[in-house]
Amino acid sequence: MLSLSIIIMTNCRIILVVVFFLFLGKLVSQTDREVKKIHFVLHSYNPSIHISNYENALTNYGQLDQFRFYNKRRIVRFRNANVSVELYSAKELLDLYAKQISEFTIKDGQNYSEVEFALTENQDNIKPYFKKR
């Protein structure tokens, strides 16, 4: 009878250890997924501006690679606002996150248009405005 209770207690400990490690593994994998991959830096020159509106709009736009330089960062200003965005270079994103370089990335020596961004009316996206040369 005593040996049976020892076997049951040992099995319970093993089950608890297994459950603990399963829980720990799930927690670690969830934390890994929540790591935010930064592709740009916002600069605000006015403390009263809600920078989160710009961050959300840029994230929602999802087509920033067409404005991104291959080897260096690019700063794009927002119209009628004291805000600019500094786009990481395609090479930086490759090195940091193994993000493939888009075919739309502006390569060294390639002609490109100057651009400004503006928030859409509902402030959930951006609209690019190309400057005439």
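Numbers for the structure displayed
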| read-out | value |
| --- | --- |
| Residue list for segment 82-111, filter: more than 15 Å from the chain's Cα centre (by Cα) and not β-branched (Val, Ile, Thr) | ASN82, SER84, LYS91, SER102, GLU103, PHE104, LYS107, ASP108, GLY109, GLN110, ASN111 |
| Boolean, ALA57 is small (Gly, Ala, Ser), touching a helix residue (DSSP H, G or I) at 6+ places or on another chain (Cβ under 9 Å) and either under 18 Å from GLU114 (Cα atoms) or at pLDDT 60 or above (or both) | no |
| Restricting segment 61-90 to residues that are of a type in the set (S, T, N, Q) and at pLDDT below 95, the residue that is most open to solvent (accessible area, probe 1.4 Å) | ASN80 |
| Matching residues, segment 116-131, being in contact with a helix residue (DSSP H, G or I) (Cβ under 9 Å, 6 or more places away or on another chain) and either in a loop (DSSP other than H, G, I, E, B) or exposed (fewer than 12 other Cβ atoms within 10 Å of the Cβ) (or both) | THR120, GLN123, ASP124, ASN125 |
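The values are calculated or read from the model by the stated rules, or taken from the named source; none is laboratory data. Since the model is a prediction, treat every value here as computed from it, not as a measurement. All Cβ positions, glycine included, derive from the backbone under ideal geometry; neighbour counts span all protein chains shown. Just so you know, the surface numbers come from the protein's heavy atoms only, side chains and all, with ligands and any DNA or RNA stripped out. Shrake-Rupley method; radii C 1.70, N 1.55, O 1.52, S 1.80 Å.
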